[in-house]
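Worksheet: the structure to be examined is printed underneath.
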Amino acid sequence: MATHLSYGRVNLNVLREAVRRELREFLDKCAGSKAIVWDEYLTGPFGLIAQYSLLKEHEVEKMFTLKGSRLPAADVKNIIFVVRPRLELMDIISENVLSEDRRGPARDFHILFVPRRSLLCEQRLKDLGVLGSFIHREEYSLDLIPFDGDLLSMESEGAFKECYLESDQTSLYHAAKGLMTLQALYGTIPQIFGKGECARQVANMMIRMKREFTGSQNSIFPVFDNLLLLDRNVDLLTPLATQLTYEGLIDEIYGIQNSYVKLPPEKFAPKKQGDGGKDLPTEAKKLQLNSAEELYAEIRDKNFNAVGSVLSKKAKVISAAFEERHNAKTVGEIKQFVSQLPHMQAARGSLANHTSIAELIKDVTTSEDFFDKLTVEQEFMSGIDTDKVNSYIEDCIAQKHPLIKVLRLVCLQSVCNSGLKQKVLDYYKREILQTYGYEHILTLHNLEKTGLLKPQTGGRNTYPTIRKTLRLWMDDVNEQNPTDISYVYSGYAPLSVRLAQLLSRPGWRSIEEVLRILPGPHFEERQPLPTGLQKKRQPGENRVTLIFFLGGVTFAEIAALRFLSQLEDGGRSKETYR
Amino acid sequence: MPEVPGLQSAPSCWTTVCQDRVAHILLAVGPDLYLLDHAACSAVIPPGLAPGVSSFLQMAVSFTYRHLALFTDTGYIWMGTASLKEKLCEFNCNIRAPPKQMVWCSRPRSKERAVVVGWERRLMVVGDAPEGIQFVLDEDSYLVPELDGVRIFSRSTHEFLHEVPVASEEIFKIASMAPGALLLEAQKEYEKESQKADEYLREIQELGQLPQAVQQCIEAAGHEHWPDMQKSLLRAASFGKCFLDRFPPDSFVRMCQDLRVLNAIRDYHIGIPLTYSQYKQLTIQVLLDRLVLRRLYPLAIQICEYLRLPEVQGVSRILAHWACYKVQQKDVSDEDVARAINQKLGDTPGVSYSDIAARAYGCGRTELAIKLLEYEPRSGEQVPLLLKMKRSKLALSKAIESGDTDLVFTVLLHLKNELNRGDFFMTLRNQPMALSLYRQFCKHQELETLKDLYNQDDNHQELGSFHIRASYAAEERIEGRVAALQTAADAFYKAKNEFAAKATEDQMRLLRLQRRLEDELGGRFLDLSLHDTVTTLILSGQNKRAEQLARDFRIPDKRLWWLKLTALADLEDWEELEKFSKSKKSPIGYLPFVEICMKQHNKYEAKKYASRVGPEQKVKALLLVGDVAQAADVAIEHRSEAEMSLVLSHCTGATDGATADKIQRARAQAQKK
């Protein structure tokens, strides 16, 4: 049991158990000792649903990473390849299998495709002459992975690129499949809303798949009331801006991968006396970040400026708790104190970790450059000087600041101006090519293809209309005790979350005009339920909405959604990203 | 088959026997018996065979293949195991006329042996007992041995000879006092409203045999063929059940259901006169299959519905069979068949339209198959069949509709092999989703094809990008790279992307230049950005060339200043830096000079520039070089609240106490105003 998954309004452990069961069933099909050969990309996502102990219980003795040529020696009966359905991986697998065949005792080979079997890949294996070597060829539909009590993820990093740059819908198909699995476990979702081209496609696929599944009538009482599908390209602005929540900043600075973050070790060296800093750990400190950690759950979604006070308050509470021991006089009191000790020590460890992280982040956020960058971002977002060359960006290029930073700013400016004037755009492009190298002409071209960067066409800047109607810029932000979602970017209210907010109240009809400006169609679909399953709403009971971002979501957006659901008092939103 | 010694004409009789899972032929020639397999022929002698046999007239193997019976010309019957190793019994019927037929009659209950011998008008059942039972036949008859008895057919009758089951015997034996018999009696009396009913019932209950009684009645009902008798027995069982507290109802319910099914199929319109035991042995699934084979679809569906079988095993399966039959009706038009099938099947869960379509295709009705596939909701089933039927283009659009990219790929690769290149590309052109997928495939698998695709679509922008990628990935030599870039630039011109074309030409120029630099100066220049090339030149003291390059490529002044500033500071060439700062008025101001000197920890140099910083950034510059006091003065002079607090935040307690006081005073004054 992963307890943090069952805190939310929807118990995601049901899903986790379902995927774990499926994995166990597959492993048991291959009787005897086994070695697993992993597609490296999958180890992270798998780690979230099954630890090594589970695999070990099912006789998995060795684990390898999928590599060319031959497999490391292993004295096992079965060799299981766990891979994504990609042609290049099939080539490697066949190399492995062929070299293994030459090496002595026959093994049983199996292949587990994640998340789906592929005719294309099987054809490739057939062409390579190894298809017959596999006893079990199955698929493991790991589409949505439970992350937290209110969060699921497809962990599909390339989804945005595939969908918007390469027009490859594979990930949309997986998303639709994942949503079908979810509905099989949590009931049919009666209403589907959506905005954007990809959203429309996913909804279409879902409706189609539902038709394919007729016969296995779903008789589960629906847990979710609504599903909102949102294309990432409806709101390209939000991911370009710097996130200012605690979790968001950790991600901005260190990057969170599969809920883990790697941090510079120096700050986390155990402080021991007489240990003159001799053997400082050199390996990065790896921490898992989720709501299972009480303190983290409390601060993750706060604006970073509000984190310090919480940490110091916590520090006082904890040291006061430790002081209690002096008051413990009777044996009973001492016993009680001792019984609480493990919990207190865990809290103290957690506090120490987060204090260190906060210090690391503070070093960055208090730097002048961070401040300057933020100022420019906020100027753009509030609509100031978006139509001319920005001197800060110029300076950044001249000083060869990291390209990604420059590109984010330029794209942000482009988005906030409904595209840049051709002259401005060409100037930026030229500067970037001359400074960072001509090869980035391809990078720029890709940005233009996805719409992150574009010349202004039609001559009208629509951003101010969008900004005003959706109240994207709030001048009075309370970072400590927020009253509006704009606190997550200290002023800017994420467009995507605003859409979700307006959908639940008062409904999208009020913003038809803006919806027409934003790319892609908006729509509503109803999935009829048998009368027995229709909900009779209790007064005061809130709706549960599942929000699905097609193409990724930022931590700040998640924070904003959590804030909304608290505001609605229990109407917990649940959001997913890929 | 091997030769049989002495076999001149047809053997007097023969049969197949089964030993150790191998089939043999047992064959009689005169007084001798031979066992044949595929290789050998051996004479066998049945143990204990009475002497005087000159020929065998009949032989019969039992339903289970375990027993064998031999009828000799002496009217003697030998019964033994089929292995011919053991004699079980013998019988002398004293009839020498050759029998028409001889069959074993299985006796599932007593497991005893019985052989039925049939002559023209006579039937004799023989076995262990010294006496046989004789029946007279009215017509010529034919005997069929079955699982639990022998069926006797004649032109006008159909009879079944079998051992009486226990339950029936118990109940119907004359003067039987078995609980079942009493219960049946009780029920009859009860219907007559006679108090005897109570007496009978009491009698059973006193012995505590009511459950057995009910059970017997239920069982006996199963073996009755006549519905009235079935009803009467079931009524008795139901009557008896009323007096029992906890009698599990399933056996009764199931028997009622089974009998209803059996009566339905025994109807002369259907004509499947199965016995209860045969029906149980066969299972409902097989029975349904037989009905389906006889095309008795409505009855089969009624039975499924009546027995509430799950749709997938029951109704759906039968409908699917019906549909498969329907597609074979060649005299009905495709349209009508497809419509009729869809009307009946609709969205019945578990019906696979693709299976039906496959059948239609198997009968050569491709058009019908395609029509049927329209109703198939599962694209995973639909598409492969369409491919098989060589409707690849239709398969492609179906695959695209499903959104399953793997399916689309499968069709694409199929199409690629099936069509010539031109047609293939044309097909792709009308399917943008497939086209972009195929592009991805080519990007990883067939780069050249990718180029052809772009060429066909006149997509010059992408062609340009393609050649740029090639100039980095495929080409080694500088000439090749430049040539690739030239192609790219041409493509960009065609795409009317002036900017990219110019940038590409610049890059060609830069590449050539970089090579020249490498030749002349040594070191590495190739593939540096323009910015880095200039920086490298400055760092290696080639200021003139750097200037020239910057001019040639029109590097904006501001960036050039940053560039030089950074490079000179890196060199720690403070003299040159100062000279540079004075060459003209800095387009980037002088704060960057201060900053960069401080970065190199040269406070001395930094101070030189601090004084030249414009008023707006003066405070910042002074603070950078650590001149808090002067910064304070400037801030006060500017009357800027923000600057004052900035300075204040830099005041460290001990040294800057006075300065801090000064600012506080100025602030207070400002507030008064």
- How many of the residues in the stretch B:1-57 are without any contact (Cβ under 8 Å) to a residue 12 or more places away in the chain, exposed (fewer than 11 other Cβ atoms within 10 Å of the Cβ) and not aliphatic (A, V, I, L, M)? 5
- If we scan the stretch B:459-477, do we find a residue that is without any contact (Cβ under 8 Å) to a residue 12 or more places away in the chain, more than 12 Å from chain A (Cβ to nearest Cβ) and not in a loop (DSSP other than H, G, I, E, B)? no
- For the stretch A:440-463, state whether one or more residues are in contact with a Phe, Trp or Tyr (Cβ under 7 Å, 6 or more places away or on another chain) and either modelled with pLDDT of 95 or more or more than 30 Å from A:Ile511 (Cα to Cα) (or both). no
- Task: Pick out, from the stretch B:305-413, the helices (runs of 4 or more DSSP H) lying fully within it that include 2 or more residues that are among the acidic types (Asp, Glu).
- Result: B:334-345
- Task: Starting from residues that are within 16 Å of B:Lys398 (Cβ to Cβ) and within 12 Å of another protein chain (Cβ to nearest Cβ), keep the ones in the stretch B:414-431 and report whichever is surrounded by the fewest Cβ atoms within 10 Å (Cβ to Cβ).
- Result: B:Gln431
- Item | Only listed residue being over 30 Å from B:Arg516 (Cα atoms) and surrounded by fewer than 14 Cβ atoms within 10 Å (Cβ to Cβ), chosen from B:Lys582, B:Lys607 | B:Lys582
- Identify the single condition in (1) closer than 22 Å to B:Lys662 by Cβ; (2) hydrophobic (A, V, I, L, M, F, W, C); (3) out of contact with any Leu (no Cβ under 8 Å at 6 or more places or on another chain) that B:Val647 does not satisfy, given that it satisfies every other one. (3)
- Item | Condition met for A:Gly32 (under 22 Å from A:Arg137 (Cα atoms), in contact with a helix residue (DSSP H, G or I) (Cβ under 7 Å, 6 or more places away or on another chain) and exposed (fewer than 15 other Cβ atoms within 10 Å of the Cβ)) | no
- Kindly provide the set of residues from the stretch A:187-196 that are surrounded by fewer than 22 Cβ atoms within 10 Å (Cβ to Cβ) and touching a strand residue (DSSP E or B) at 6+ places or on another chain (Cβ under 9 Å), ordered by number. A:Pro190, A:Gln191
- Task: Keeping to the stretch A:497-514, report how many residues are without any contact (Cβ under 8 Å) to a residue 12 or more places away in the chain and not hydroxyl-bearing (Ser, Thr, Tyr).
- Result: 5
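Rundown of residues vs (1) β-branched (Val, Ile, Thr); (2) at pLDDT 95 or above; (3) surrounded by 19 or more Cβ atoms within 10 Å (Cβ to Cβ), yes/no style:
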position	(1), (2), (3)
A:Thr355	yes, no, no
A:Glu359	no, no, no
A:Asp372	no, no, no
A:Thr386	yes, no, yes
A:Gln399	no, no, no
A:Leu403	no, yes, no
- Message: Anything in the stretch B:380-405 that is surrounded by 21 or more Cβ atoms within 10 Å (Cβ to Cβ), on the phi < 0 side of the Ramachandran plot and at the interface with another protein chain (Cβ under 8 Å from one of its Cβ atoms)? List them, or say none.
- Response: B:Ser402, B:Asp404, B:Thr405
- What are the pairs, 6+ residues apart or on separate chains, where a residue within the stretch B:542-559 that is more than 9 Å from chain A (Cβ to nearest Cβ) has its Cβ under 6 Å from a residue that is in a helix (DSSP H, G or I) and of a type outside the set (Ser, Thr, Tyr)? B:Arg545/B:Leu537; B:Ala546/B:Val534; B:Ala546/B:Leu537; B:Ala546/B:Ile538; B:Leu549/B:Val534; B:Ala550/B:Val534; B:Ala550/B:Leu560
- Item | Residues (free of Cβ contacts under 8 Å to residues at least 12 places away in the same chain, part of a helix (DSSP H, G or I) and within 32 Å of the chain's Cα centre (by Cα)) located in the stretch A:389-418 | A:Ile404
- Selection status of B:Leu234, in contact with a strand residue (DSSP E or B) (Cβ under 6 Å, 6 or more places away or on another chain) and at pLDDT 90 or above: no
- Selection count, the stretch B:491-510, where residues are closer than 14 Å to A:Leu425 by Cβ and within 7 Å of chain A (Cβ to nearest Cβ): 3
- Task: Could you please find all residues in the stretch A:161-178 being among the hydrophobic types (A, V, I, L, M, F, W, C) and either assigned to a loop (DSSP other than H, G, I, E, B) or surrounded by fewer than 22 Cβ atoms within 10 Å (Cβ to Cβ) (or both)?
- Result: A:Leu165
- Item | Number of positions in the stretch B:478-490 that are within 13 Å of chain A (Cβ to nearest Cβ) and either touching a His at 6+ places or on another chain (Cβ under 8 Å) or closer than 20 Å to A:Asn446 by Cα (or both) | 4
- Item | Residue among B:Lys173, B:Lys231, B:Lys196 that is farther than 30 Å from B:Leu307 by Cα and surrounded by 13 or more Cβ atoms within 10 Å (Cβ to Cβ) | B:Lys196
- Task: Residues being closer than 28 Å to B:Gly208 by Cβ and assigned to a loop (DSSP other than H, G, I, E, B): count how many of those fall in the stretch B:239-275.
- Result: 8
- Filtering the stretch B:601-644 down to residues that are not in a helix (DSSP H, G or I) and not polar (S, T, N, Q) yields B:His601, B:Arg612, B:Val613, B:Gly614, B:Val625, B:Gly626, B:Asp627, B:Arg639
- Got at least one residue in the stretch A:443-457 being more than 14 Å from chain B (Cβ to nearest Cβ) and without any contact (Cβ under 8 Å) to a residue 40 or more places away in the chain? yes
- Within the stretch A:419-432, residues being assigned to a helix (DSSP H, G or I) and under 19 Å from B:Lys496 (Cβ atoms) number 6
- Looking only at the stretch B:520-538, which residues are in contact (Cβ under 8 Å) with a residue 24 or more places away in the chain, surrounded by 17 or more Cβ atoms within 10 Å (Cβ to Cβ) and more than 8 Å from chain A (Cβ to nearest Cβ)? B:Val534, B:Thr535, B:Ile538
- Query: What single numbered condition from (1) within 11 Å of chain A (Cβ to nearest Cβ); (2) surrounded by fewer than 21 Cβ atoms within 10 Å (Cβ to Cβ); (3) in contact (Cβ under 8 Å) with a residue 40 or more places away in the chain fails to hold for B:Thr566?
  - Reply: (3)
- Task: Could you identify the single residue in B:Leu70, B:Leu84 that is out of contact with any Cys (no Cβ under 8 Å at 6 or more places or on another chain), under 27 Å from B:Pro47 (Cα atoms) and not in a loop (DSSP other than H, G, I, E, B)?
- Result: B:Leu70
- Query: Residues in the stretch A:233-242: is at least one part of a helix (DSSP H, G or I), away from chain B (no Cβ under 14 Å), touching a strand residue (DSSP E or B) at 6+ places or on another chain (Cβ under 6 Å) and crowded, with 22+ Cβ neighbours inside 10 Å?
  - Reply: yes
- Message: Looking at A:Ala199, A:Ala203, can you tell me which residue is buried (at least 20 other Cβ atoms within 10 Å of the Cβ) and away from chain B (no Cβ under 12 Å)?
- Response: A:Ala199
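The values are calculated or read from the model by the stated rules, or taken from the named source; none is laboratory data. Bear in mind the structure is a predicted one, so any value in this text is a computation, not a measurement. Counting neighbours? That spans all protein chains shown, and the Cβs are built from the backbone with ideal geometry, glycine included.
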